[in-house]
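Before any comments, here is the structure.
The values are calculated or read from the model by the stated rules, or taken from the named source; none is laboratory data. No experiment lies behind these values; they were computed from the predicted model shown. Neighbour counts run over all protein chains shown; Cβ positions are idealised from the backbone, glycine included. The area values use the complete protein model at the heavy-atom level, side chains included, leaving out ligands, DNA and RNA. Shrake-Rupley method; radii C 1.70, N 1.55, O 1.52, S 1.80 Å.
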Amino acid sequence: MNNTPSNRPDNNEIPTPETAKRYETEPVNAAPETKKTAAILSATALLFLCGVLLARADVPLALAESQTGEDRLAGIFITENYIEPGMPEIDVSIHGEIVIKEQEPERIYGIFNQDDLSIPVSFPGLEGFGIYNLRIQDETSQVSTGYCTSDDIFTDAHFTASDNENHMEASVYVPADRPCSYYFNPVYQQADGTLYLLPGSGITSDSLNGGSWSQSIAQSRSESFGGTEETESYRYTVRIVAADVPGDTELIFMSRENQVLQSMSGNELELLIQKETPRLEIPADVSYLILRQSKAGTGEFTHTLFDRGTESLEYMIAAEDTCLHPRSLNLVWN
């Protein structure tokens, strides 16, 4: 027999709605609808709180395993806003128990932009950028070939293939000392070439303070090649790197005697970069180049030296979005 006393001041007292409210108990004559409504509201509040905590957790992210049947993990698409996976279905059983039925995340289908390689894949209704290892089928031979690509906002892109794993990694530079939120959504490719993403996890912070974050998503799956089954592994890593925000840009042409011969503004460089074949012809009397950039809001400058023979001019610029954009210009020394 259970001799534990009840939570009432007087064990013989039958609680009314008023006394129940006072002692945080439920009156025995409460209507079933009241019980069900209270249960649903409590469950909804709990789910909302859990969702906020998971979406806003400021912690480093570990390797996440993603599996969606036979579909191949084909990349990561990064968004600054959390993609809601859909609320679970909530019900109350005849016994008054809360029943939560998880719903399958909704797939968001993508479009391969073959004519615009600066944005190779887009997802209607979403803003973001991604890295991808796609399989493109030739319309004539019907043979699929691998195609690694990324949005042009990425730098330091690398792809390595081994007997055990195909690994693609790249970096995105963002302004330091600014609030940031980034969510890493896995992208999958079906056997017929269709692309889609699923909502992923993310990071938020008041500022990166000159540091960096890294997130990886991986998958191992069995595939059949010529009647032989083999295990293929795919991994994608993206680094978010904080950097000083560059301001005005100037390229200075220097002589062997360390005299200034001429200079080009950032706008003039941008016009060259936007051409179909970006290149800069360097006169024969130029010994080296100096890239001078101001640090936004500080009054300070950075100077980068490019010796004769350097193949390309590499630097960053700020844009209207929350990322720093890489710029590359081929150098032709006369």
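Just to be sure before I move on: is K275 under 17 Å from S118 (Cα atoms), open to solvent by 40 Å² or more (accessible area, probe 1.4 Å) and among the basic types (K, R) in the structure I sent?
On the way: under 17 Å from S118 (Cα atoms): yes; open to solvent by 40 Å² or more (accessible area, probe 1.4 Å): yes; among the basic types (K, R): yes.
It is true that K275 is under 17 Å from S118 (Cα atoms), open to solvent by 40 Å² or more (accessible area, probe 1.4 Å) and among the basic types (K, R).
So is E257 loosely packed, with under 13 Cβ neighbours inside 10 Å, among the acidic types (D, E) and at pLDDT 95 or above or not?
Details: loosely packed, with under 13 Cβ neighbours inside 10 Å: yes; among the acidic types (D, E): yes; at pLDDT 95 or above: yes.
Considered against the rule, which asks whether it is loosely packed, with under 13 Cβ neighbours inside 10 Å, among the acidic types (D, E) and at pLDDT 95 or above, E257 comes out as yes.
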Q) Using beta carbons and a limit of 9 Å, which pairs, at least six apart or on different chains, have the first residue in region 293-304 and farther than 17 Å from V174 by Cβ and the second one among the basic types (K, R)? A) F301/R292; F301/K295; T302/R292; T302/K295; H303/R292; T304/R292
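Answer with yes or no whether R235 is open to solvent by 30 Å² or more (accessible area, probe 1.4 Å), closer than 30 Å to G130 by Cα and touching a His at 6+ places or on another chain (Cβ under 9 Å).
Numbers: open to solvent by 30 Å² or more (accessible area, probe 1.4 Å): yes; closer than 30 Å to G130 by Cα: yes; touching a His at 6+ places or on another chain (Cβ under 9 Å): yes.
The answer is yes for R235.
Could you tell me how many of the residues in region 238-254 are open to solvent by less than 70 Å² (accessible area, probe 1.4 Å), assigned to a strand (DSSP E or B) and out of contact with any Phe, Trp or Tyr (no Cβ under 6 Å at 6 or more places or on another chain)?
Adding up the residues that qualify gives 9.
I'm checking my understanding of the structure. Among residues of region 311-334 that are free of Cβ contacts under 8 Å to residues at least 40 places away in the same chain and small (G, A, S), which one is least open to solvent (accessible area, probe 1.4 Å)?
Step one: filter region 311-334 for residues free of Cβ contacts under 8 Å to residues at least 40 places away in the same chain, giving 311-312, 314, 319-321.
Keeping just the survivors that are small (G, A, S) gives 312, 319.
On the way: S312: 31, A319: 50 Å².
Residue satisfying both the conditions and the ranking: S312.
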Q: Could you tell me whether region 291-310 includes any residue that is more than 29 Å from T204 (Cβ to Cβ), open to solvent by less than 80 Å² (accessible area, probe 1.4 Å) and of a type in the set (A, V, I, L, M)?
A: yes
Q: Would you point out the residue of region 188-220, among those that are part of a strand (DSSP E or B) and open to solvent by 40 Å² or more (accessible area, probe 1.4 Å), that is farthest from G130 (Cα to Cα)?
A: S220
Q) Of the residues in region 169-187, how many are farther than 17 Å from G128 by Cβ and either out of contact with any Cys (no Cβ under 9 Å at 6 or more places or on another chain) or surrounded by 21 or more Cβ atoms within 10 Å (Cβ to Cβ) (or both)? A) 5
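Only one of E104, E139, E127 is at pLDDT 90 or above and open to solvent by 90 Å² or more (accessible area, probe 1.4 Å). Can you tell me which? Give the derivation first.
Numbers: E104 fails: at pLDDT 90 or above; E139 fails: at pLDDT 90 or above.
Answer to the selection: E127.
E230 - would you say it is exposed (fewer than 13 other Cβ atoms within 10 Å of the Cβ), touching a residue at least 24 places away in the same chain (Cβ under 8 Å), part of a strand (DSSP E or B) and out of contact with any helix residue (DSSP H, G or I) (no Cβ under 7 Å at 6 or more places or on another chain)? Write out each step before concluding.
Values: exposed (fewer than 13 other Cβ atoms within 10 Å of the Cβ): yes; touching a residue at least 24 places away in the same chain (Cβ under 8 Å): no; part of a strand (DSSP E or B): yes; out of contact with any helix residue (DSSP H, G or I) (no Cβ under 7 Å at 6 or more places or on another chain): yes.
Criteria not met by E230.
Condition first: part of a loop (DSSP other than H, G, I, E, B) and loosely packed, with under 13 Cβ neighbours inside 10 Å. Now tell me which residues in region 142-154 satisfy that. Spell out the reasoning first.
Filtering region 142-154 for residues part of a loop (DSSP other than H, G, I, E, B) gives 142-143, 151-154.
Listed by number, the residues that qualify are Q142, V143.
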